[in-house]
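Below is one structure, written out as structure tokens, with a few remarks after it.
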Amino acid sequence: MIEIVDLYKAFGRNHVLRGANLKIEKGESMVVIGGSGSGKSVLIKHIIGTLKPDSGSILIDGADIAKLSENELYETRKRFGMLFQMAALFDSMKVWENVAFALMRHGKLKEKDAKEIASEKLRMVGLIGVEDIMPSELSGGMKKRVGLARAIAHSPEILLYDEPTTGLDPIMADAINDLIIEMKQKLSVTSVAITHDMHSAYKIADRIAMLYEGRIIATGTPDEIKNTDNATVRQFITGSAVGPIKIEGVTA
Amino acid sequence: MANILLKPVELLGRSLTISWQTFVLFTEELGRIMLLLCSTIKQLILPPLELKNTFKQVVEIGIKSLPVVLITAVFTGMVLALQSYTGFKRFNAEVMVGTVVALSITRELGPVLTGLIVAGRAGAAMAAELGTMRVTEQIDALETLATNPVKYLIVPRFIAGTIILPSLTVIADIIGIIGGFFVTVTVLGANSSVYWRRTWDYLETSDIYNGLIKACFFGASIAIISCYKGFYTSGGAEGVGKATTGAVVLSSMTILISDYFLSAWLFK
Ligand SMILES: Nc1ncnc2c1ncn2[C@@H]1O[C@H](COP(=O)(O)OP(=O)(O)O)[C@@H](O)[C@H]1O
Ligand SMILES: [Mg+2]
């Protein structure tokens, strides 16, 4: 279980998170929605401990990730897999080396075995015969698939997705949604996705939470969110320019 | 009237403020570089060794810089010989050319010029590479794959920089002296055995290894400064550009300034 308690984070005078609270149950698929720049990526980076909170805590099965020693933190990270917004593939390595990175580094696998596992993970995300290609030769959708294969290679318990469908065409986006659902069913992982794509949120979420002005202002099942009477959430999910959400730099 | 008097005072005040702010920023940056150096050394000591990556960096930095080092060294040796020959001729001291070339190259120009070249080639490449990895979240990805990015990325570059610069300097020393010999003997027509005797008679091993100590220091400085600039890049592609120029400028400044103090300390 992941528990975010009263999380505060500022960069200089930019107070991004201002008391965020969120609980994610084991095996659940949680989607955090929110506008661009609302701090979704900052929130997810706190869960995996690449950012440290100013105050508040992030509990992974009861252990505060910000209070772990460096070794414990790296051990804990082996339980996670993360798909980055732009895939963040290592561009100096071949596709299979990307996928097998953690296996070779921590599992001390032989190159041949690691490559075999990489191929298997690539097949799981629908890619065949790309092992020896460099990431720069892949399309955006394929990069995300490779990123996903890399995230699941070491069989993590928790998967984090940073805007998995952003920047993809609708068909490719839906294919990624299907993959995320498939991962959850096949690997029975806990997953946290952040997105502003409502179509994707409704499709992959067990529960949806909305991040606004540094706090989680609503949580609920997709149906509950669809029928909310919270005006801010309504405005966001219907995608209306009129409502309580102020568009940055624009005065009404 | 009062205005005219106030203006220079105000300008002075403002430029003092700016100088002070620059100084504070510089001190802060120096502190952060030292912190990164400490964690690099800590990760360097902890097992496992990053042998494969270190070897890759050694080859990378060596190959990137070697051609330019060779050309620079040979021409520096040549021009040194030419200038000192024609200059020394005025007081009939042409025989000293070999000594001047050997001492200048081994003590000073070998390490410094090689350092500046490596700063421009390999330092820039390190900053650009790490900067790109930062802004495309590849460094975050390393973290999420339970890999310490300081150990994985910076330690190999730091070791490689520290050992490759003295190696390149040895080559530069040799090539520079040969360049000086070539000009003195074949172009200016001096006696070749006199040149060599004058080179060896006055050259001490301490000249060579003190030069190499300087080179080690320059190599370590270039690596840690360039990695620092790259590692803490922000602001997209523009940020990578800034990090790259920043790395070259700061490394070069560090080489030139520390060279004076190292020389004062090493060559008593
Ligand atoms: N490492 C950082 N340093 C400084 N500011 C940051 C950093 N990461 C994010 N921010 C700022 O925090 C805010 C939220 O960013 P982010 O979480 O990336 O938004 P999004 O919801 O679009 O993912 C932005 O204003 C961004 O500029
Ligand atoms: Mg984001």
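Each value in this text was obtained by applying a stated rule to the coordinates, not by laboratory testing. All values reported here derive from a predicted model rather than from experimental measurement. Cβ sites come from the backbone with ideal geometry, for glycine too, and all protein chains shown count toward neighbours.
Would you calculate a helix-derived [θ] at 222 nm for chain A, using -39,500 (n - 2.57) for each DSSP H run of n ≥ 4 and dividing by the full residue count, to the nearest 500? Spell out each step's value before the answer.
Working: 10 runs with 92 residues, N = 252.
Result for chain A, helices only: -10500 deg cm²/dmol.
The value of relative contact order for chain A, using C-alpha pairs under 8 Å at least six residues apart, is 25 percent.
Result for chain A in a Gaussian network model with C-alpha springs under 10 Å: among A:Tyr202, A:Tyr212, A:Tyr161, the largest mean-square fluctuation is at A:Tyr202. Over 30 Å between C-alpha atoms is what I'm after, so list which of B:Lys64/B:Lys89; A:Lys78/A:Lys246; A:Lys23/A:Lys52 land there. From B:Lys64/B:Lys89; A:Lys78/A:Lys246; A:Lys23/A:Lys52, over 30 Å: B:Lys64/B:Lys89; A:Lys78/A:Lys246.
Take every residue in peptide B:67-73, count the Cβ atoms of other chains within 10 Å of its Cβ, and give the average of those counts. Show your work: numbers first, answer last.
Working: counts 0, 0, 0, 0, 0, 0, 0.
Mean inter-chain Cβ contacts per residue within 10 Å come to 0.
Report, as an integer, the average count of C-beta atoms from other chains found within 10 Å of each Cβ along A:78-87. If you can, show how the numbers build up before the last one.
Values: counts 3, 1, 3, 2, 6, 2, 6, 2, 4, 4.
Rounded to a whole number, the mean comes out at 3.
Applying 1/(1 + (r/R0)^6) with R0 = 51 Å to the Cβ-Cβ distance of B:Lys42 and B:Phe182 gives a FRET efficiency near 0.60.
Between the stretch A:143-171 and the stretch B:104-167, the C-alpha centres lie 31 angstrom from each other.
For a straight C-alpha distance cut-off of 16 angstrom, the lysines reachable from B:Lys268 (same-chain residues fewer than eight places away being disregarded) are B:Lys214.
Give the calculated FRET efficiency between B:Ile18 and B:Glu238 to the nearest 0.05, with a Förster radius of 30 Å applied to their Cβ-Cβ distance. It comes out at approximately 0.85.
Counting Lys and Arg as +1 and Asp and Glu as -1 over every other residue whose Cβ lies under 10 Å from the Cβ of A:His15, the net charge comes to +1.
Relative to the dominant Cα principal axis of chain B, helix B:192-202 is inclined by about 60°. For helix A:111-124, what angle does its Cα long axis make with the longest principal axis of chain A, in degrees from 0 to 90 and rounded to 10? The helix A:111-124 is inclined about 40 degrees to chain A. For chain A, the longest principal axis of the Cα atoms and the long axis of helix A:140-152 meet at an angle of about 80 degrees.
Think of the stretch B:51-266 as a dipole: +1 on every Lys or Arg Cβ, -1 on every Asp or Glu Cβ, centred on the Cα centre; then among B:Ile164, B:Val97, B:Leu113, B:Val97 lies furthest on the positive end.
Mean partner shielding of peptide A:151-159, defined as the number of other chain Cβ atoms within 10 Å of each residue Cβ, is 1.
Computed FRET efficiency, Cβ-Cβ of A:His106 and B:Val95, R0 41 Å: what is it to the nearest 0.05? Efficiency for this residue pair is about 0.05.
Listed by chain and number, the lysines whose alpha-carbon sits under 18 Å from that of A:Lys186, ignoring those within fewer than 8 places in the same chain, are A:Lys26, A:Lys121, A:Lys203. With Cα atoms defining each centre, the stretch B:193-268 and the stretch B:14-28 are spaced 25 Å apart in the structure. For the pair A:Glu72 and A:Ser136, label points projected 7 Å from Cα toward Cβ lie 4.2 nm apart.
GNM on chain A, alpha-carbon springs under 10 angstrom: the most fluctuating residue among A:Ser92, A:Ser155, A:Ser38 is A:Ser92. Computed over chain A with a Gaussian network model linking Cα atoms closer than 10 Å, the most mobile of A:Arg18, A:Arg105, A:Arg123 is A:Arg105. Distance between the C-alpha centers of the stretch A:178-245 and the stretch A:7-79? Whole Å please. With the stretch A:178-245 and the stretch A:7-79 each reduced to a Cα centre, they are spaced 18 Å. Taking every C-alpha pair closer than 8 Å and separated by at least 6 residues, the mean separation divided by the residue count of the stretch B:51-266 gives a relative contact order of 36 percent.
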